[in-house]
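This report refers to the structure that appears directly beneath it.
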Amino acid sequence: MKSFSVLAQQLHFRRAAEQLFMSQPALSKQIRRLEEKVGGRLFARTRRKVALTESGRVLSPLADKLLKQSESALTTVREASNGRAGTLRIGYGLAAVSDILPLTILRFSRGYPSVRLQMCDMSTPSQVTGLLQESLDLGILRLPIASPELESLPLIRERLLLAVPASARYSFRGKLSNLRDAPFVLISRSASATFHDHAVSVCGCAGFTPNVVQEASETFTILNFVRAGLGVSLVQAAAARMKVPGVRFHELKMRESEWSIGMAWKRICEKRDLILKFVDTTRTVVHSLRPSGKSS
């Protein structure tokens, strides 16, 4: 097909053969074979000139398009072999969404435009299962993870904050136990079982079981319920950056309120080079978000 395309541009056998680095008889033989396949002449030949037939004029743009697609396909395959193209299936949880993930996606997409990212909102246990079953390539999840088949990298330390409505008086006074009788609004277990259970566990460490009066699947909705006075909540620290008016946040001076967020992937996998490029991009984003001089 390339021989046809070059000859269709040059309309001169000698010049076309020189451009293709072949002899004129070899070029003529290739053209005759193609004409036999299409069942008709593609070029009208005389002693003085070569011209496209109607069949040749129909084939010419199709051949050019086919060659461009072929070259593009080869380029993509080469990039995939070098870890610069393909598809990455990435799991993420509630705490990864606020800053890290959006900025990483933007930066990675600029650097690797031939990589398609498939994002999956999943709990940590579901991500671990997906990684082990190879239905997921990379997970942004809670650490630690126990499987020896998986490699992991800590990214940040996250913590729970107490969110209370600015319009209501709750006697916190630095102790979560002082809110044992308060109504709580929490992330539902269906949205994030690990986060929900962690919030309930932290209340348990403070000596009580929370009175959960309302659940929701998104942090922004939770904060607006708190703002409306439905109750108090335990949310990830990143929620404070949502700047929802009418909500105050308090630090919990409890070791149990903290956890580690990191990335995990299978130690032995076909996409390792591509995965590590995304890991490096994420690490760069996390470093850029970290206050100067502060280490994880």
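The values are calculated or read from the model by the stated rules, or taken from the named source; none is laboratory data. None of these values were measured; they are calculated from a predicted model. Cβ sites come from the backbone with ideal geometry, for glycine too, and all protein chains shown count toward neighbours. Just so you know, the surface numbers come from the protein's heavy atoms only, side chains and all, with ligands and any DNA or RNA stripped out. Shrake-Rupley method; radii C 1.70, N 1.55, O 1.52, S 1.80 Å.
Taking the criterion of being touching a residue at least 12 places away in the same chain (Cβ under 8 Å), at negative phi and not hydrophobic (A, V, I, L, M, F, W, C), the residues of region 149-177 that qualify are GLU149, GLU151, SER152, PRO154, ARG157, GLU158, ARG159, PRO165, SER167, TYR170, LYS175, SER177. Out of (1) modelled with pLDDT of 90 or more; (2) not in a helix (DSSP H, G or I), what's the single condition that is false for ALA168? Of (1) modelled with pLDDT of 90 or more; (2) not in a helix (DSSP H, G or I), only one is false for ALA168: (1). For the structure I just gave you, tell me whether ILE261 is touching an Asp or Glu at 6+ places or on another chain (Cβ under 6 Å), in contact (Cβ under 8 Å) with a residue 24 or more places away in the chain and of a type outside the set (Asp, Glu). Yes; evaluated as a whole, the condition is true for this residue. Somewhere in region 139-155, is a residue modelled with pLDDT under 90 and touching a Leu at 6+ places or on another chain (Cβ under 9 Å)? There is no residue in region 139-155 that is modelled with pLDDT under 90 and touching a Leu at 6+ places or on another chain (Cβ under 9 Å). Total residues in region 184-219 satisfying the condition of being buried (at least 16 other Cβ atoms within 10 Å of the Cβ) and either among the charged types (D, E, K, R) or part of a strand (DSSP E or B) (or both): the figure is 8. In region 2-26, of all residues being in contact (Cβ under 8 Å) with a residue 24 or more places away in the chain and at negative phi, the one that is surrounded by the most Cβ atoms within 10 Å (Cβ to Cβ) corresponds to LEU7.
Residues of region 166-200 that are under 37 Å from the mean Cα position of the chain (by Cα), more than 15 Å from VAL235 (Cβ to Cβ) and among the polar types (S, T, N, Q): SER190 alone. Quick one: in region 36-58, of everything that is open to solvent by 100 Å² or more (accessible area, probe 1.4 Å) and part of a loop (DSSP other than H, G, I, E, B), which residue is farthest from GLN10 (Cα to Cα)? Among those residues, the one meeting the criterion is ARG41.
Before we move on, is SER177 farther than 22 Å from LYS271 by Cα, at pLDDT 90 or above and open to solvent by 20 Å² or more (accessible area, probe 1.4 Å)? Answer is yes for this residue.
Among residues that are assigned to a helix (DSSP H, G or I), at pLDDT below 90 and open to solvent by 90 Å² or more (accessible area, probe 1.4 Å), LYS29 is not included.
For region 269-289, filtering for residues that are touching a residue at least 60 places away in the same chain (Cβ under 8 Å) and assigned to a loop (DSSP other than H, G, I, E, B) leaves 2.
The set of residues in region 239-268 being closer than 26 Å to ALA146 by Cα, of a type in the set (Gly, Ala, Ser) and not in a strand (DSSP E or B) consists of SER257 alone. Among the residues of region 268-286, those that are open to solvent by 70 Å² or more (accessible area, probe 1.4 Å) and modelled with pLDDT of 90 or more comprise ILE268, ARG272, ASP273, ASP280, ARG283.
The single condition from (1) open to solvent by less than 70 Å² (accessible area, probe 1.4 Å); (2) without any contact (Cβ under 8 Å) to a residue 12 or more places away in the chain that LYS243 fails is (1). Just so you know, in region 136-151 the residues that are part of a loop (DSSP other than H, G, I, E, B) and touching a helix residue (DSSP H, G or I) at 6+ places or on another chain (Cβ under 8 Å) include one that is most open to solvent (accessible area, probe 1.4 Å), and it is GLU149. Restricting attention to region 119-135, the residues being open to solvent by less than 50 Å² (accessible area, probe 1.4 Å), in a helix (DSSP H, G or I) and not aliphatic (A, V, I, L, M) number 3.
Within region 121-164, the set of residues being in contact with a Lys or Arg (Cβ under 9 Å, 6 or more places away or on another chain), under 21 Å from ASP273 (Cβ atoms) and not polar (S, T, N, Q) comprises GLY130, LEU131, LEU132, GLU134, LEU136, ASP137, LEU138, GLU149, LEU150, GLU151, LEU153, LEU155.
Under the condition of being under 25 Å from the mean Cα position of the chain (by Cα) and surrounded by 14 or more Cβ atoms within 10 Å (Cβ to Cβ), the residues counted in region 246-267 number 8.
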